[in-house]
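Below is one structure, written out as structure tokens; comments come after it.
The values are calculated or read from the model by the stated rules, or taken from the named source; none is laboratory data. Everything numeric here is computed off the predicted structure, so don't read it as measured data. Positions of Cβ are backbone-derived with ideal geometry, glycine not excepted, and every protein chain shown enters the neighbour counts.
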Amino acid sequence: MASSYPTFTLSENLTSAQIDFFNTHGFIHFKNFIEKSTVASINQASKEVQRDWINADIRKINGVPIKYGTDLDGSRIVQRFAFINQHHKTLSGLLLDPRISALLPLAGEDSRLGTEEKDGMVFNHYVNGPDSSFTKMGWHTDGLRDIFYGGKLNPMLNVGIHLTTQNPQNGGLKIIPGTHKQSIYQMLFRKKYFLDNKPDRDEVSILPEAGDLTVHDGRLWHRVAESSIRGEESRRKVIYIPIIAGKYAPKNENSPTVFYQRFAGIVK
């Protein structure tokens with residue numbers, strides 16, 4: 001397992017070296033995308049949305065189940081927000097940064113930010129405590145989603161904005177570079193979706209600092225490893241924004257729950 005790889009700086013235009021690296025490996029890591037003050041503002045916004053959703057006992061947003069959990073002090077928290085960009089201006093405003101739009105060519109022509117599609121902007125909050133229920137996520141590819149949505153396999157990238165600093169003991173995102181070029185058979189059967197969380201000899205650990213931005217191709221095999229640390233030091237927060245192509249398919253409050261999301265309980 002490796003964790004050493006080159007990092008880059010994101011501007012309003014990608015360089016040829018950045019494009020080549022992403023096309024070869026299926027991921028890229030940009031340092032210092034947002035300042036610490038912006039990280040704090042985003043965290044505060046998520047707490048405000050969390051308060052509103054808990055008070056209203058919100059179970060789904062646009063058909064996507066909301067994952068709740070228990071914090072270290074025993075309080076109820078939201079551990080996976082869907083479409084959070086639609087519920088706070090701080091989060092929707094983040095998407096106006098032209099550097100995010102600069103990433104669109106990585107998904108090819110006619111790509112767009114999926115702010116109204118798939119699960120929208122997702123906010124994940126992991127913490128490893130006595131009553132935690134969202135500490136890891138098994139091997140999977142996001143390309144499989146298109147099959148469940150009844151469409152063809154289209155490019156889908158995950159833009160991650162990291163709100164906590166990661167070290168090897170924190171677990172976190174693991175990817176298998178180059179698997180975005182695999183066959184459909186390998187995409188379907190290389191791993192047992194979500195059930196398998198074992199380390200892979202070819203996996204790479206993504207180790208961002210708070211404020212960093214990463215992009216990984218949804219067709220890559222990837223997982224979220226459980227932190228070996230318990231308590232406050234295990235806390236991890238990250239936003240994911242999809243970049244997608246293909247037919248525009250927005251969701252709304254009347255959208256049905258996709259089949260695989262009915263079994264979200266297997267995803268810890």
- Among what's in segment 47-104 and is small (Gly, Ala, Ser) and in contact with a Phe, Trp or Tyr (Cβ under 9 Å, 6 or more places away or on another chain), pick the residue that is modelled with the highest pLDDT. 82
- For residue 80, indicate whether it is basic (Lys, Arg) and either free of Cβ contacts under 8 Å to residues at least 24 places away in the same chain or part of a strand (DSSP E or B) (or both). yes
- Residue list for segment 146-173, restricted to those being in contact with a helix residue (DSSP H, G or I) (Cβ under 8 Å, 6 or more places away or on another chain) and modelled with pLDDT under 85: 148, 152, 153, 154, 155
- Message: If I go through segment 199-231 residue by residue, how many of them are in a loop (DSSP other than H, G, I, E, B) and touching a strand residue (DSSP E or B) at 6+ places or on another chain (Cβ under 8 Å)?
- Response: 18
- Looking only at segment 240-257, decide whether some residue is farther than 27 Å from residue 111 by Cβ and in a loop (DSSP other than H, G, I, E, B). no
- Would you be able to tell me the number of residues in segment 114-145 that are assigned to a loop (DSSP other than H, G, I, E, B), crowded, with 20+ Cβ neighbours inside 10 Å and among the basic types (Lys, Arg)? 1
- Query: Quick check: is even one residue across segment 189-210 closer than 27 Å to residue 44 by Cβ and of a type in the set (Val, Ile, Thr)?
  - Reply: yes
- Message: Filter segment 232-258 down to the residues that are over 16 Å from residue 114 (Cα atoms), of a type in the set (A, V, I, L, M, F, W, C) and touching a strand residue (DSSP E or B) at 6+ places or on another chain (Cβ under 6 Å) and list them by number.
- Response: 238
- If we scan segment 28-35, do we find a residue that is among the polar types (S, T, N, Q), in a loop (DSSP other than H, G, I, E, B) and either at pLDDT below 95 or surrounded by fewer than 12 Cβ atoms within 10 Å (Cβ to Cβ) (or both)? no
- Do you know which residues across segment 73-83 are farther than 20 Å from residue 137 by Cα and either surrounded by 23 or more Cβ atoms within 10 Å (Cβ to Cβ) or touching an Asp or Glu at 6+ places or on another chain (Cβ under 6 Å) (or both)? none
